[in-house]
1. Going 7 Å from the Cα of residue 197 along its beta-carbon direction, which residues of the stretch 119-144 have the amide nitrogen within less than 16 Å of the resulting point?
2. Sorted by packing (mean other beta-carbon atoms within 10 Å per residue), highest first, where do 195-202, 150-157 land?
3. Looking at the square roots a ≥ b ≥ c of the eigenvalues of the Cα gyration tensor of the stretch 121-225, which shape do they give, rounded for a/c under 1.5, prolate if a/b is larger than b/c, or oblate?
4. Can you give the FRET efficiency for residue 98 and residue 167, using 1/(1 + (r/R0)^6), R0 = 25 Å, r = Cβ-Cβ distance, to the nearest 0.05?
5. Classify the stretch 184-231 from the C-alpha gyration tensor, please: rounded if a/c falls under 1.5, else prolate or oblate depending on whether a/b exceeds b/c.
6. With the crude spin-label approximation of a point 7 Å out along Cα→Cβ, what separation in nm comes out for residue 120 versus residue 136?
7. Need the full-extension length gain, residue 231 to residue 216, defined as separation in residues times 0.36 nm minus the C-alpha distance. One decimal, nm.
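None of the figures in this text is laboratory data; all of them are computed from the coordinates on show. Please read these numbers as outputs of a predicted model, since none were measured by experiment. Cβ sites come from the backbone with ideal geometry, for glycine too, and all protein chains shown count toward neighbours.
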């Protein structure tokens, strides 16, 4: 089967998704720093798991939402540092105005500069921390479909996602769960494994969008949403 438009091949090591408009230096000047962050986790040249047209939601996911006249309540919970994950959430909202977008934020913000942020991320990961989050006006229990957006940091979920998933683990049961990863060449990395560990017994599906320097292909978001019955 021909892979969908957003199925991407690994081209480099995993790193922060970077948006030059939100940082003080050009993303293309940070090659050495990418290697530093990539060293946080396992090798990032993992095969990218993609959502294909033949994989229509079935079994534990139930019938495709597009097959019913009832519109599901869709909640997108997005953690982003450089902004590319937020671009995906905004595109989802543009394509389907009924989508509710909520940002996951660390109570103590990460530094604005890239290198200090990588150092803080390394420290959190080594200590297996669950950083405190800012309160949110809604939670997964308020939706039928929960979409989690995040970057891939050192091959894994950022530690704030560990906090979010652990605190709301029971609320994901009985809901359809999707997640999208913003990456610089790793695809999903080990984020599926992190999700399984934090949400045991909860089925989910993941997709990877290339986010080096910002979201490169907005059409890929619409293709994915159509395949998942979110439009």
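1. 122-131
2. Working: 195-202: 15.4, 150-157: 26.2.
Most protected by this proxy first, the peptides run 150-157, 195-202.
3. Details: a/c = 1.66, a/b = 1.10, b/c = 1.51.
Note, shape of the stretch 121-225 comes out oblate.
4. Working: r = 26 Å, r/R0 = 1.02.
Given R0 = 25 Å and the Cβ-Cβ separation, E is 0.45.
5. Values: a/c = 3.78, a/b = 1.32, b/c = 2.87.
Since a/c reaches 1.5 but b/c is at least a/b, the shape of the stretch 184-231 is classed as oblate.
6. 1.9 nm
7. On the way: separation 15, 0.36 × 15 = 5.40 nm, distance 2.09 nm.
Contour length minus Cα-Cα distance gives 3.3 nm.
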